[in-house]
Amino acid sequence: MSSNEHNETDNQVVPVTQTSSEVRLPNSQLPLHVLRRADVDPIAAGRAERQVSIMFLLSAVFTVLATITFFAIPVDKFIRVPGAGVTQASNLALGVTLGLAIFLIGTGAIHWARKLMPDDEVIQSRHSYASSNQIRESVMQEIREGGIESGFATRKIVRRSLLTALAVLPLPAVILALDFGPMPKNELRETLWTKGMRLVTDPTGRYLRPEDFSVGSLVSAHPENLHAWEEENHNLNARAKTSILVVRMTPEQLRTSQGEGWDYQGIIAYSKICTHVGCPIALYEHRTHHLLCPCHQSTFDLADSGNVVFGPAARRLPQLPLGVDEEGYLVALSDFQEPIGPSFWER
Ligand code: FES
């Protein structure tokens with residue numbers, strides 16, 4: 001149904017005669033309805049059709065680019081973005097290309113609706129909720145006509161370009177599944193921590209001494225060389241692998257099941273990364289010595305070697321053995337003795 005053919009009043013179809021580019025509905029308080037250029041000018045309609053098609057085809061191009069960037073840019077490639085710091089290049093490229101692909105499908109559809117689809121104004125009086133068969137049939141007829149007037153069947157270039165864009169859109173979802181592999185092998189067994197490396201506060205970078213800790217206190221820390229390593233390698237992975245929580249309790253409160261040599265006068269350190277699926281943890285309840293992960297409520301007992309006391313985590317938090325150097329600063333006595341982070345690949 002187009003506005004220059006009829007108007008619907010009280011469910012009666014009333015013909016409207018159009019002699020110019022303006023149409024007024026009978027008895028309507030609405031301002032004059034001005035037809036769009038594409039309604040009266042076939043050249044303008046053709047131009048709008050081409051614009052819509054270009055947007056859909058550009059969307060397809062960006063989807064293909066996203067696929068290419070997934071394979072072409074190594075995951076360990078990092079770049080510095082002004083205002084955002086160091087970031088993973090493949091994530092940035094995937095975000096930009098996929099974002100543009102979806103954006104262009106959306107803008108193409110909006111442009112299609114605004115410029116080419118019927119632009120009718122109608123008045124419809126409301127009756128009881130149950131419609132008569134006659135009305136239902138007239139609605140179905142309007143839907144059928146709407147499908148025809150949208151041009152989906154007749155505007156082949158628009159239809160094909162849209163179908164092309166939609167057909168390739170699921171492709172990145174399929175290839176992103178490749179990120180489930182490969183297995184990390186030894187990558188989570190080896191971190192920057194080595195024997196004698198000092199602990200510094202995160203994020204201020206201050207060296208830590210045993211006297212900085214009172215019983216019950218908790219501090220986030222990382223190795224002293226982390227910033228230099230990140231600058232040199234443009235890589236943030238080491239931060240997640242080396243982040244630790246350092247807490248102090250009295251030596252009598254420790255019930256370690258790993259044996260002697262893991263704490264320094266009641267000061268102990270654990271990986272900050274949950275062994276369930278890798279959320280950072282920092283909710284510490286110092287009376288029970290329990291550490292709670294906010295993601296799925298896994299709870300670890302820091303007084304008992306970080307063992308799991310509740311929740312879906314399958315293994316304890318990796319512990320970093322601590323000591324002090326000749327200047328009295330807290331240092332690691334070795335790397336972690338077990339892999340840090342999630343353990344789903346080991347099951
Ligand atoms: S990530 Fe910690 S409980 Fe799931």
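Rounded to the nearest 0.05, what FRET efficiency do residue 255 and residue 190 give with R0 = 41 Å and r taken as the Cβ-Cβ distance? Could you check?
According to the calculation, E is roughly 0.90.
Kirkwood hydrodynamic radius (Cα pairs, Å) of the range 255-347?
Radius from the Kirkwood sum: 13.6 Å.
Just to compare against my own numbers: the Cα pair-distance distribution for the range 173-322, 10 Å bins, whole % per bin, please.
10, 38, 35, 13, 3, 0
Compute the acute angle (0 to 90°) between the alpha-carbon long axis of helix 156-168 and the principal axis of greatest extent of the alpha-carbon atoms of the chain; round to the nearest 10°.
Relative to the chain, helix 156-168 is tipped by roughly 20 degrees.
Starting from the Cα-Cα distance between residue 178 and residue 86, subtract it from 0.36 nm times their residue separation and give me the gain in nm to one decimal.
30.7 nm is the gain from fully extending residue 178 to residue 86.
Excluding residue 329 itself, calculate the net charge of residues whose Cβ lies under 13 Å from the Cβ of residue 329, where each Lys or Arg counts +1 and each Asp or Glu counts -1.
With Lys, Arg at +1 and Asp, Glu at -1, the net is -3.
Treating each Cα of the chain as an identical point scatterer and ignoring solvent, apply the Debye formula and state log10 I(q)/I(0) at q = 0.08, 0.12, 0.14 Å⁻¹.
Log10 I(q)/I(0), no solvent term: -0.65, -0.90, -1.11.
If each DSSP helix of 4+ residues adds -39,500 (n - 2.57) and the sum is divided by the residues in the chain, what number results at 222 nm, nearest 500 deg cm²/dmol?
Using -39500 (n - 2.57) per qualifying helix, the result is -10500 deg cm²/dmol.
Between residue 78 and residues 5 or more places away or on another chain, which pairs have amide H atoms under 5 Å apart, with H built 1.01 Å from N, and which residues are they?
Residues meeting the criterion, in which the H sits 1.01 Å from N, are 89.
Can you list the HN-Hα couplings for the range 37-47, worked out from phi with the Karplus curve (6.51, -1.76, 1.60; θ = phi - 60°), rounded to whole Hz and with x for Gly and Pro?
Ordered by residue, 3J(HN,Hα) equals 4, 5, 6, 10, 10, x, 5, 5, 5, x, 5 Hz.
Separation of the range 30-56 and the range 284-332 by C-alpha centroid, Å?
65 Å
Set the Förster radius R0 to 56 Å, insert the Cβ-Cβ distance between residue 133 and residue 309 as r into 1/(1 + (r/R0)^6), and round the FRET efficiency to 0.05.
0.25
With the crude spin-label approximation of a point 7 Å out along Cα→Cβ, what separation in nm comes out for residue 143 versus residue 171?
The two pseudo-label positions are separated by 3.4 nm.
Express the Stokes-Einstein translational diffusion coefficient of the range 159-260 in µm² s⁻¹, to the nearest whole number, given a Kirkwood radius over alpha-carbon pairs, 4 °C and a viscosity of 1.567 mPa s.
72 µm²/s
Residue 334 to residue 113: extension gain in nm, 0.36 nm per residue of separation minus the Cα-Cα distance?
73.1 nm
Each reported figure results from applying straightforward, stated rules to the coordinates on display, with no laboratory input. Since the model is a prediction, treat every value here as computed from it, not as a measurement. Backbone-built Cβ (ideal geometry, glycine too); neighbour counts: all protein chains shown.
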